Amino acid sequence: MSKIAYVNGQYLSHSLAKVHIEDRGYQFADGVYEVIAIHEGKFLGEKGHLNRLAHSLEALRIDWPMDKRPLSMVMREVRRRNRVRNGLLYLQITRGVAPRDHAFPNPSVSTLVITVTKRPAIDKAELLAGIEIITTPDLRWKRRDIKSISLLPNVLAKQAAIEAGAQEAWQVDEKGFVTEGSATNAWIVTKSGELITRDAGEEILNGITRLAILEAVQDQDIKLLYRPFSVTEARDAREAFISSSNSHVRAVTKIDGKAIGNGLAGELTRRLLDIYMEFMEGEGGPQQEARWN
Ligand code: PDD
């Protein structure tokens with residue numbers, strides 16, 4: 001069965017799906033995206049992803065290519081045509097095709113591309129096996145709350161991690177505080193058991209997985225603090241983990257070569273993965289009426 005992509009109103013064979021060379025996404029990275037996990041046939045945190053997409057589009061004054069409801073239907077159709085039960089949906093919207101000029105084209109017609117990829121079902125043991133991360137300066141612009149397709153600093157950070165034999169990089173601001181990973185949010189658990197996540201402002205992407213974890217722990221006996229943490233604090237932490245639509249809750253067992261805790265996934269990380277999964281699979285599901293600044 002050949003893969004099917006959705007491009008501007010058409011379902012096309014993946015190998016033939018194309019956008020024009022003067023698409024502003026290609027020329028200026030003038031666009032936004034979302035990555036949504038598909039778990040046992042269900043989009044995880046769909047509402048949150050569409051709300052964040054609205055925030056990104058509004059911040060950049062890019063028009064919706066279609067309303068939210070038909071967009072959801074197209075997402076389902078792409079999933080159905082590709083018969084994906086477990087995987088990822090990628091959705092990208094750009095300011096469309098126009099002769100190259102920095103100023104917005106008038107009128108502009110947004111480009112919409114949706115693809116899906118199959119992935120193995122969530123494997124808790126694999127997520128808890130733990131990864132190594134490095135820390136690297138955060139080279140990005142100041143509006144990281146927008147899920148922009150302009151990802152060059154993230155690409156460089158991730159590549160630096162791979163070349164160092166690690167799997168992810170935590171980006172660090174000019175004050176020495178961790179912002180987030182190249183494609184994940186960063187969390188630690190202090191020696192006294194406090195769960196720490198940086199507050200969502202313009203410095204980080206407000207992860208939908210992050211929001212789901214925060215919602216899921218509301219009625220748990222867990223001390224949660226919203227504040228930045230330094231690289232030193234992270235290296236000395238009892239536990240560390242990352243979150244994203246791709247990684248869900250994934251243990252971090254080494255930072256810059258130093259073992260975290262006893263070098264294995266921590267107790268709270270294990271518990272949070274269970275809580276998160278139960279919450280995402282549950283009837284209520286996440287509400288994710290987040291603050292998008
Ligand atoms: N990345 N921070 C950054 C910089 C990200 O790119 C991502 C997601 C996250 C986590 O967000 P969420 O929980 O909504 O997936 C945090 C996606 C998966 C990507 O670029 O592939």
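The values are calculated or read from the model by the stated rules, or taken from the named source; none is laboratory data. A quick note: this is a predicted structure, and the numbers were derived from the prediction, not measured. Glycine also receives a Cβ, built like all others from the backbone with ideal geometry; neighbour counts cover every protein chain displayed. Surface areas here come from the heavy atoms of the whole protein model, side chains and all, with no ligands, DNA or RNA. Shrake-Rupley method; radii C 1.70, N 1.55, O 1.52, S 1.80 Å.
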Across the stretch 150-171, what is the number of residues that are open to solvent by 30 Å² or more (accessible area, probe 1.4 Å) and in a loop (DSSP other than H, G, I, E, B)? 5
How many residues of the stretch 3-45 are more than 16 Å from the ligand (Cβ to nearest atom), under 18 Å from residue 62 (Cβ atoms), open to solvent by less than 30 Å² (accessible area, probe 1.4 Å) and not in a strand (DSSP E or B)? The answer is 2
Among the residues of the stretch 89-107, are any under 28 Å from residue 274 (Cα atoms), open to solvent by 60 Å² or more (accessible area, probe 1.4 Å) and not in a loop (DSSP other than H, G, I, E, B)? yes
Looking at (1) away from the ligand (no atom under 16 Å from the Cβ); (2) touching a residue at least 60 places away in the same chain (Cβ under 8 Å), which one does residue 103 not meet, given that it meets all the others? (2)
So which residues in the stretch 147-175 are more than 10 Å from the ligand (Cβ to nearest atom) and within 17 Å of residue 199 (Cβ to Cβ), if there are any at all? 170, 172, 173, 175
When restricted to 126, 174, the only residue assigned to a loop (DSSP other than H, G, I, E, B) and either more than 17 Å from the chain's Cα centre (by Cα) or within 16 Å of residue 260 (Cα to Cα) (or both) is 174
Exactly one of (1) out of contact with any Phe, Trp or Tyr (no Cβ under 8 Å at 6 or more places or on another chain); (2) open to solvent by 30 Å² or more (accessible area, probe 1.4 Å) is unmet by residue 177. Its number? (1)
